[in-house]
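Have a look at the structure below, then the notes.
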Amino acid sequence: MRHIVPAGGGLAVPLAKGQVLRVVNTHGGQVVDLWAFARAGGDEHLSMGHCRELLQRVYFAPGDRLVTNRYRAALTFTADTSPGLHDTLIAACSPAMYAHLGADPAHRSCTANLEESLNRPLPFVPQPWNLFMVARLDDRGRIEYERPVSRPGDHVELRAEMDLLVGLSSCPDDVYPTNGGDGSPRDVAVEVVRL
Ligand SMILES: [Zn+2]
């Protein structure tokens, strides 16, 4: 099953345990914010903080098991054809962020994309996994934003370890240098591979 996340827009994809989600950077250089929520309900979600704690790293690699805020396996990172360094630290862009930076608060945002995709406002937006976003740490812990270096067709694959609802946003950020080229968002493709 193939879906398109429109440029600057969002999409929610249900994923059953065992299914593999492939996120394809169709045009290259596009940042994709990703969240995963347990279909069982409650507040259980993929948690970057818990993943960093267990994996003892800020960047994840194929083979890594990614967990929820209850330390249960949510996803296994199974493949990555991109140069990697998918950011795990930076908050999703939001109307408040654009207002804070002097941009139009009505600017599209990953937070609004997630809420629209899920069809409900969220009291709390978890830290997303920012696929293809490069925010390097130097040896003093300073963050350096860089244009993404992912190429057209680069993709990551994630296997669901529980029934999930995955939220994706083709980040519309043109304020930080987090998207490639001129910062204009591009569409990305999402494929659900049935086993
Ligand atoms: Zn964004």
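The values are calculated or read from the model by the stated rules, or taken from the named source; none is laboratory data. Treat the numbers as computed from the prediction; the structure is a model and nothing was measured. Glycine also receives a Cβ, built like all others from the backbone with ideal geometry; neighbour counts cover every protein chain displayed. Side chains are part of the model used for accessible areas, which takes the heavy atoms of the whole protein and leaves out ligands, DNA and RNA. Shrake-Rupley method; radii C 1.70, N 1.55, O 1.52, S 1.80 Å.
Taken together, Leu158, Leu195, Leu122, Leu165 contain a single residue that is more than 13 Å from the ligand (Cβ to nearest atom), on the phi < 0 side of the Ramachandran plot, surrounded by fewer than 23 Cβ atoms within 10 Å (Cβ to Cβ) and at pLDDT 95 or above, which is Leu165.
Any idea how many residues of region 45-61 are open to solvent by 20 Å² or more (accessible area, probe 1.4 Å) and in contact (Cβ under 8 Å) with a residue 40 or more places away in the chain?
Residues meeting the conditions: 3.
The single residue among Cys93, Cys171 that is over 27 Å from Ala73 (Cβ atoms) and at pLDDT 95 or above turns out to be Cys93.
Could we say that Thr178 is within 26 Å of Val13 (Cβ to Cβ), outside any helix (DSSP H, G or I) and within 13 Å of the ligand (Cβ to nearest atom) here? So Thr178 fits the description; yes.
Going through region 142-156 one residue at a time, which ones are of a type in the set (D, E, K, R), farther than 13 Å from Gln30 by Cα and part of a strand (DSSP E or B)? Across region 142-156, the qualifying residue is only Glu144.
Within region 89-119, track down each residue that is outside any loop (DSSP other than H, G, I, E, B), crowded, with 19+ Cβ neighbours inside 10 Å and more than 9 Å from the ligand (Cβ to nearest atom).
Residues of region 89-119 that are outside any loop (DSSP other than H, G, I, E, B), as a first pass: 95-100, 110-118.
From what's left, crowded, with 19+ Cβ neighbours inside 10 Å: 97-98, 110-114, 117.
Answer for region 89-119, where residues must be outside any loop (DSSP other than H, G, I, E, B), crowded, with 19+ Cβ neighbours inside 10 Å and more than 9 Å from the ligand (Cβ to nearest atom): Tyr98, Ala112, Leu114, Ser117.
Against the numbered list (1) touching a residue at least 12 places away in the same chain (Cβ under 8 Å); (2) within 21 Å of Pro148 (Cβ to Cβ), Ala73 comes up short only at (2).
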